[in-house]
Amino acid sequence: MVEIKTDASMDAMREAGRVVAQALTAVREAATVGTSLRELDRTARTVLDKAGAGSPFLGYHPDWAPVPFPGVLCVSVNDAIVHGIPDGRRLADGDLVSVDCGALLDGWAGDAALSFTVGRARPADTRLVRTAEAALAAGIEAAVVGNRVGDIAHAIGRVCRDAGYGIPDGFGGHGIGRRMHEDPGVPNEGPPGRGMRLRHGMVLAIEPMVLAGGKDDWWTAGDGWTMRTGDGSRAAHAEHTVAVTDDGPRILTLL
Ligand code: MG
Ligand code: MG
């Protein structure tokens, strides 16, 4: 069931989203060659703590995962697509890093992700990251009253495929509100004009993922969480929490 939010609820979600943006900005600033993924998680925790926010990631335990998620931040490096565990690994020159963070504030959730390179960037990685960002922008642009969920999916998918990239099977965005994952699902590819009609007060986490090798398959690493590209190519991820409003899409996870 899709929960339609009141204007006051969307304002409250904006505050949760702002905390997510602050955490991601701090993480990006802290991420340099030699920084460990665990240090990045600590950076995000400090921001959440200061804001009095909780984490929807920490302790999250879906039925497919062997253990609860141990961090407030997913850090997915190079061929990791999403759900990377922030462990003791240290970032190396040229790494492509995707960070995904959530916050819970006054009972409302926010969820966003961004990708960037550390040290000397490979041109191919820069193009991959820009495409994930362009796909996110296209998806947000389609998140308008009267469109359907399929229009968002179609807009995202077209940007990714036109660039020649893969889109991981079975992953996509989601409704968000008091819980991090709500209805409806927001696929990253599909035919336009299908699915639920968008209304004022729907809040969606829109999150394209692109795989440099052009294929869509992935596998789960031995930690039970990290999703890696099937061909070992690199991946990028970008996400915002977006409210559909009569005045157009309102991005709740901007700084
Ligand atoms: Mg996320
Ligand atoms: Mg999400």
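The values are calculated or read from the model by the stated rules, or taken from the named source; none is laboratory data. On a predicted model such as this, the values are computed, not experimentally measured, just so you know. Positions of Cβ are generated from backbone atoms using ideal geometry, with glycine treated the same way; all protein chains shown enter the neighbour counts.
Starting from residues that are in contact with a strand residue (DSSP E or B) (Cβ under 7 Å, 6 or more places away or on another chain) and of a type in the set (D, E), keep the ones in the stretch 205-246 and report whichever is farthest from ligand 1 (Cβ to nearest atom).
D216
Collect the residues in the stretch 221-251 that are of a type in the set (S, T, Y) and closer than 15 Å to P208 by Cα, keeping them in residue-number order.
The answer is T229, T241.
Would a scan of the stretch 124-132 turn up a residue that is of a type in the set (A, V, I, L, M), surrounded by 24 or more Cβ atoms within 10 Å (Cβ to Cβ), within 16 Å of ligand 1 (Cβ to nearest atom) and assigned to a strand (DSSP E or B)?
Scanning the stretch 124-132, I find no residue that is of a type in the set (A, V, I, L, M), surrounded by 24 or more Cβ atoms within 10 Å (Cβ to Cβ), within 16 Å of ligand 1 (Cβ to nearest atom) and assigned to a strand (DSSP E or B), so the answer is no.
Cβ-Cβ below 7 Å, separation at least six or inter-chain, first residue in the stretch 201-217 and within 16 Å of P187 (Cβ to Cβ), second polar (S, T, N, Q) and assigned to a loop (DSSP other than H, G, I, E, B): which pairs?
Sorted first by the residue in the stretch 201-217, then by its partner, the pairs are P208/N188; M209/N188; L211/S233.
Answer yes if at least one residue in the stretch 153-169 is more than 17 Å from the chain's Cα centre (by Cα), among the aliphatic types (A, V, I, L, M) and within 23 Å of I4 (Cβ to Cβ), and no otherwise.
Checked against the condition, which is being more than 17 Å from the chain's Cα centre (by Cα), among the aliphatic types (A, V, I, L, M) and within 23 Å of I4 (Cβ to Cβ), the stretch 153-169 yields no hits at all.
For the stretch 6-16, state whether one or more residues are among the β-branched types (V, I, T), modelled with pLDDT of 95 or more and under 25 Å from G213 (Cα atoms). Working first, answer last.
Let us first name the residues in the stretch 6-16 that are among the β-branched types (V, I, T), namely 6.
Narrowing further to those that are modelled with pLDDT of 95 or more: 6.
Narrowing further to those that are under 25 Å from G213 (Cα atoms): none.
Taking every residue of the stretch 6-16 in turn, none turns out to be among the β-branched types (V, I, T), modelled with pLDDT of 95 or more and under 25 Å from G213 (Cα atoms).
Taking the residues in the stretch 96-119 that are more than 15 Å from ligand 1 (Cβ to nearest atom) and farther than 20 Å from S9 by Cα as candidates, determine which candidate is nearest to the chain's Cα centre (by Cα).
Top of the filtered list is F116.
Just to be sure I understand, how many residues within the stretch 121-138 are in contact (Cβ under 8 Å) with a residue 12 or more places away in the chain and among the hydroxyl-bearing types (S, T, Y)? First the steps, then the outcome.
Our first condition is that a residue be in contact (Cβ under 8 Å) with a residue 12 or more places away in the chain; within the stretch 121-138, this holds for 121-122, 124-125, 127-129, 131-136, 138.
After this cut, where a residue has to be among the hydroxyl-bearing types (S, T, Y) as well, the list is 131.
Total satisfying the criteria: 1.
Of the conditions (1) closer than 27 Å to W219 by Cα; (2) within 16 Å of ligand 2 (Cβ to nearest atom); (3) crowded, with 16+ Cβ neighbours inside 10 Å, P62 satisfies every one except a single condition; which number is it?
P62 satisfies every listed condition except (3).
A103 fails exactly one of the following numbered conditions: (1) of a type in the set (G, A, S); (2) closer than 17 Å to T253 by Cα; (3) surrounded by fewer than 17 Cβ atoms within 10 Å (Cβ to Cβ); (4) in contact with a Gly (Cβ under 6 Å, 6 or more places away or on another chain). What is the number of that condition?
The failed condition is (3).
Is it the case, given these coordinates, that V97 is away from ligand 2 (no atom under 16 Å from the Cβ) and in contact with a His (Cβ under 8 Å, 6 or more places away or on another chain)? Talk me through it step by step, then tell me what you get.
Values: away from ligand 2 (no atom under 16 Å from the Cβ): yes; in contact with a His (Cβ under 8 Å, 6 or more places away or on another chain): no.
Answer is no for this residue.
Give me the strands (runs of 3 or more DSSP E) completely within the stretch 1-120, filtered to those with at least 2 residues that are more than 30 Å from D246 (Cβ to Cβ), without any contact (Cβ under 8 Å) to a residue 60 or more places away in the chain and out of contact with any Phe, Trp or Tyr (no Cβ under 8 Å at 6 or more places or on another chain), ordered by residue number. Give the derivation first.
Values: elements: 73-77, 80-82, 96-105, 108-117.
By residue number, 73-77.
Out of all the residues in the stretch 158-182, which are within 14 Å of ligand 1 (Cβ to nearest atom) and within 19 Å of A142 (Cβ to Cβ)?
If the condition is that a residue be within 14 Å of ligand 1 (Cβ to nearest atom) and within 19 Å of A142 (Cβ to Cβ), then F171, G172, G173, H174, G175, I176 are the ones that fit.
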